[in-house]
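S.K.: Dropping the structure in here first, questions after.
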There are 2 protein chains.
Amino acid sequence: MLIQRLAIIGVGLIGGSLARALRQKRQCRSVVGFGRNPVHLDKAVELGVIDEYSLTVASAVRDADMVVLATPLDTTSRLLQAMRNYLGRDTVITDVGSAKGSVVEAARNTLGDCLPRFIPGHPIAGKEQSGVEASVADLFDSHRVILTPLPENSVQALERVTKMWEITGADVVQLDVEQHDEILAATSHLPHMLAYALVDCLAGMKDSDEIFRFAAGGFADFTRIASSDPQMWHDICIANRQYLLSALNHFDQHLNNIRQAIENDDSKSLLKIFTRAKKARDQFTRSSNRHNDAPE
Amino acid sequence: MLIQRLAIIGVGLIGGSLARALRQKRQCRSVVGFGRNPVHLDKAVELGVIDEYSLTVASAVRDADMVVLATPLDTTSRLLQAMRNYLGRDTVITDVGSAKGSVVEAARNTLGDCLPRFIPGHPIAGKEQSGVEASVADLFDSHRVILTPLPENSVQALERVTKMWEITGADVVQLDVEQHDEILAATSHLPHMLAYALVDCLAGMKDSDEIFRFAAGGFADFTRIASSDPQMWHDICIANRQYLLSALNHFDQHLNNIRQAIENDDSKSLLKIFTRAKKARDQFTRSSNRHNDAPE
């Protein structure tokens, strides 16, 4: 059994799904949850996701050999600080934050000699629904988990976190912190901003009810991510500000190319852009089908 | 039987699906197709979508009592011109173009005394795949079809086109030409531009293969429409230029609000925008579930 006592700090969609997966694979003897809201935590116990819970971080991590931080990014620094003095000598700590630079900075500022056992991580999986009720054991199956190990990290701690994610069926890969944040700004954070901006734009138009009535399946797909948790996405934007703003500027240039081609009746450029984009998107579909047999 | 001889001008996804639906409901005695490519048309005959085909518009429409124009917008004017002198006295003509202003202009310039029998239409249904191979009989089932009748239209012609679409299971509604083009610019044409721009932006980044590798399900949903037919979308952009540019400007303002909030670390505004957008998107999900029981 890989883990004796797993502490899930933040028992929501991601934390809950990880606990479910490890329990299902019988790789985890007991699970303790930490959260602020006893109603949610009681629900998590009732659902069999955790065995028990604590309302203080200190007692949640005290006897754990694996601690997973799965709360909004904004809370990272405070929670690492709060657990720091209660971590066991061999306890491994990891997180699931969607931006890694700010997490690593917080870890460096708070963890002291526990830093070698803190492995920054990010599972590329999710749903629009949040909360432990939405958690499922196969959330990470055939999905990528990115770890961004630090030069100070112990090989043993890295190995334990890698194994933990592999047990869930995930494909674990490693990136630099900066690489991760630049790539995720482009593939995830930017699309969320565009979806939020589009829905906000349409909702602000006169007769917006009428407008939404005529939206088709393409619109539904395109804007599904605008139903994601506002607080979580607020935290991600602030945490990954630099790379996100740069991705936004980059996007603006490409949108402007399209706009100018339309303004100038420049059929040749317009067709060239659309054809190039379709080719890239079709290529993406083919390679993601190779990687993951599950429906997108 | 509603239709004796149906002429499908452009036997692709939309034209083919309409023919399939009408045949399945036994509301159409025979179907003749027109197209440029005999290989595609042979395929359409083989698939049972059409009975026969012609490589000239004139002979395709000659004995038809219903003519459906389902080719890219760019060809509308030329094809209406080419069929004009071969239309029967009672033949009803309709189209499926995604922008209506340019179609109506072309019809007014070419159709002369056939104009009362030309009913502009637009089924809000589609797939990324194009071509007759992708056509299915239930493509329009529980989807909206918008008709934008002209003051000159005959009541009888409008009734026939309405009935034709109702037979496919569609919910037929009427809008003004300008209303249609403004609404579709916002809900369909703009999202396609954003998806094309995003994919083009990512494909142009260094290590773009690496970048696409880490894209998750949200990205796949968001960019699915960038796999749509470039020629078709080129034509839509040019045809609906005015409303599309205005929707792009409107979107820009909303994206800028988000950008500025991120730049200024303005948590309050950021949370407010995301929360407002999520509320509108959740509301859209609820109302589209009410309208259409099929998955989005």
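S.K.: Got a number for residues in the stretch B:227-247 being facing another protein chain (nearest Cβ under 7 Å) and of a type in the set (Val, Ile, Thr)?
M.R.: Residues meeting the conditions: 1.
S.K.: Something else about it: When you look at B:Arg281, is it within 28 Å of B:Gly131 (Cβ to Cβ), surrounded by 16 or more Cβ atoms within 10 Å (Cβ to Cβ), outside the structural domain of B:Ala99 (by TED's automatic domain parsing) and of a type in the set (Lys, Arg), yes or no?
M.R.: no
S.K.: Go through the stretch B:151-187 and give me each residue that's part of a loop (DSSP other than H, G, I, E, B) and under 17 Å from the mean Cα position of the chain (by Cα).
M.R.: Hits for the stretch B:151-187 are B:Thr168, B:Gly169, B:Ala170, B:Leu175, B:Asp176.
S.K.: Just the residues that are within 18 Å of B:Leu184 (Cα to Cα) and β-branched (Val, Ile, Thr), please, taken from the stretch B:54-108.
M.R.: Hits for the stretch B:54-108 are B:Val96, B:Val103, B:Val104.
S.K.: Consider B:Phe274 carefully, then state whether it is at the interface with chain A (Cβ under 7 Å from one of its Cβ atoms) and modelled with pLDDT under 95.
M.R.: Against the criterion (at the interface with chain A (Cβ under 7 Å from one of its Cβ atoms) and modelled with pLDDT under 95), B:Phe274 does not qualify.
S.K.: From the list A:Leu147, A:Leu111, pick out the single residue that is closer than 21 Å to A:Thr187 by Cα and surrounded by fewer than 23 Cβ atoms within 10 Å (Cβ to Cβ).
M.R.: A:Leu147
S.K.: Write out, first by first residue and then by second, each pair whose Cβ atoms fall under 7 Å of each other, whose residues are 6+ apart or on separate chains, and whose first residue, in the stretch A:168-179, is within 18 Å of A:Val155 (Cβ to Cβ) while the second is of a type in the set (Phe, Trp, Tyr) and modelled with pLDDT of 95 or more.
M.R.: Here the result reads A:Val172/A:Trp165, each pair linking the stretch A:168-179 to a residue that is of a type in the set (Phe, Trp, Tyr) and modelled with pLDDT of 95 or more.
S.K.: Let me ask something else about it. Considering every residue within the stretch A:159-182, establish whether at least one is surrounded by fewer than 23 Cβ atoms within 10 Å (Cβ to Cβ), of a type in the set (Gly, Ala, Ser) and within 30 Å of B:Val172 (Cβ to Cβ).
M.R.: Scanning the stretch A:159-182 turns up no residue that is surrounded by fewer than 23 Cβ atoms within 10 Å (Cβ to Cβ), of a type in the set (Gly, Ala, Ser) and within 30 Å of B:Val172 (Cβ to Cβ).
S.K.: Let me ask you something else. Return the residues of the stretch A:77-92 that are free of Cβ contacts under 8 Å to residues at least 40 places away in the same chain and in contact with a strand residue (DSSP E or B) (Cβ under 9 Å, 6 or more places away or on another chain); say none if nothing qualifies.
M.R.: Those that are free of Cβ contacts under 8 Å to residues at least 40 places away in the same chain and in contact with a strand residue (DSSP E or B) (Cβ under 9 Å, 6 or more places away or on another chain): A:Leu80, A:Leu87, A:Thr91.
S.K.: Hey, another quick one. Test B:Arg224 against the stated conditions and say whether it is facing chain A (nearest Cβ under 7 Å), in contact (Cβ under 8 Å) with a residue 12 or more places away in the chain and within 17 Å of the chain's Cα centre (by Cα).
M.R.: So B:Arg224 passes the test.
S.K.: Let me ask something else. Evaluate the stretch B:115-125: report whether one residue or more is part of a loop (DSSP other than H, G, I, E, B), within 14 Å of the chain's Cα centre (by Cα), within 21 Å of B:Lys43 (Cβ to Cβ) and not small (Gly, Ala, Ser).
M.R.: No, every residue in the stretch B:115-125 fails to be part of a loop (DSSP other than H, G, I, E, B), within 14 Å of the chain's Cα centre (by Cα), within 21 Å of B:Lys43 (Cβ to Cβ) and not small (Gly, Ala, Ser).
S.K.: Sort through B:Lys163, B:Lys100, B:Lys206 and tell me the only one that's basic (Lys, Arg) and within 11 Å of chain A (Cβ to nearest Cβ).
M.R.: Of B:Lys163, B:Lys100, B:Lys206, the one residue that is basic (Lys, Arg) and within 11 Å of chain A (Cβ to nearest Cβ) is B:Lys206.
S.K.: I would also like to ask the following. Report whether or not A:Thr91 is over 23 Å from A:Asp141 (Cα atoms), out of contact with any Leu (no Cβ under 8 Å at 6 or more places or on another chain) and not acidic (Asp, Glu).
M.R.: Yes, satisfied.
S.K.: Could you list, in sequence order, the residues of the stretch B:175-199 that are more than 28 Å from B:Thr223 (Cα to Cα) and touching a Leu at 6+ places or on another chain (Cβ under 6 Å)?
M.R.: Within the stretch B:175-199, none qualify.
S.K.: Looking only at the stretch B:248-270, count every residue that is more than 7 Å from chain A (Cβ to nearest Cβ) and among the hydroxyl-bearing types (Ser, Thr, Tyr) and tell me the total.
M.R.: 1
S.K.: Now for a different question. Select from the stretch B:28-39 the residues that are free of Cβ contacts under 8 Å to residues at least 24 places away in the same chain and more than 23 Å from the chain's Cα centre (by Cα) and list them in ascending order.
M.R.: Selection gives B:Pro38, B:Val39.
S.K.: Oh, and also: Assess whether B:Val172 counts as being aliphatic (A, V, I, L, M), away from chain A (no Cβ under 11 Å) and out of contact with any Leu (no Cβ under 7 Å at 6 or more places or on another chain).
M.R.: Considered against the rule, which asks whether it is aliphatic (A, V, I, L, M), away from chain A (no Cβ under 11 Å) and out of contact with any Leu (no Cβ under 7 Å at 6 or more places or on another chain), B:Val172 comes out as no.
S.K.: When you look at B:Met164, is it farther than 30 Å from B:Leu245 by Cα, touching a residue at least 12 places away in the same chain (Cβ under 8 Å) and of a type outside the set (Val, Ile, Thr), yes or no?
M.R.: Yes; evaluated as a whole, the condition is true for this residue.
S.K.: Go through the stretch B:80-105 and count every residue that is assigned to a helix (DSSP H, G or I) and surrounded by 24 or more Cβ atoms within 10 Å (Cβ to Cβ).
M.R.: Looking only at that region, the number is 3.
S.K.: A follow-up question, please. As an exercise: evaluate B:Lys279 against (1) more than 7 Å from every other protein chain (Cβ to nearest Cβ); (2) closer than 17 Å to A:Leu198 by Cα; (3) at pLDDT 95 or above and give the number of the one condition it does not meet.
M.R.: Result: B:Lys279 fails condition (3) only.
S.K.: Among the residues of the stretch B:126-136, which ones are surrounded by fewer than 21 Cβ atoms within 10 Å (Cβ to Cβ) and under 16 Å from the mean Cα position of the chain (by Cα)?
M.R.: B:Lys127, B:Glu128, B:Gln129, B:Ser130, B:Gly131, B:Ala134, B:Val136
S.K.: Looking only at the stretch A:10-27, count how many residues are over 15 Å from the mean Cα position of the chain (by Cα) and closer than 22 Å to A:Leu87 by Cα.
M.R.: Summing the residues that are over 15 Å from the mean Cα position of the chain (by Cα) and closer than 22 Å to A:Leu87 by Cα in the stretch A:10-27 gives 3.
S.K.: Could you tell me whether B:Phe222 is touching a helix residue (DSSP H, G or I) at 6+ places or on another chain (Cβ under 6 Å) and either among the charged types (D, E, K, R) or farther than 21 Å from B:Asn249 by Cα (or both)?
M.R.: Taking the combined requirement at face value, the residue does not satisfy it.
S.K.: Something else now. Which of the residues that make up the stretch B:175-184 are facing chain A (nearest Cβ under 10 Å) and not acidic (Asp, Glu)?
M.R.: B:Leu175, B:Gln179, B:His180, B:Ile183, B:Leu184
S.K.: Looking at the stretch A:40-49, can you tell me whether even one residue there is closer than 27 Å to A:Gln174 by Cβ and over 22 Å from the mean Cα position of the chain (by Cα)?
M.R.: No.
The values are calculated or read from the model by the stated rules, or taken from the named source; none is laboratory data. Note that the coordinates shown come from a computational prediction; the quantities given were computed from them, not determined experimentally. Neighbour counts are summed over all protein chains in view; Cβ atoms, including those assigned to glycine, are modelled from backbone coordinates with ideal geometry.
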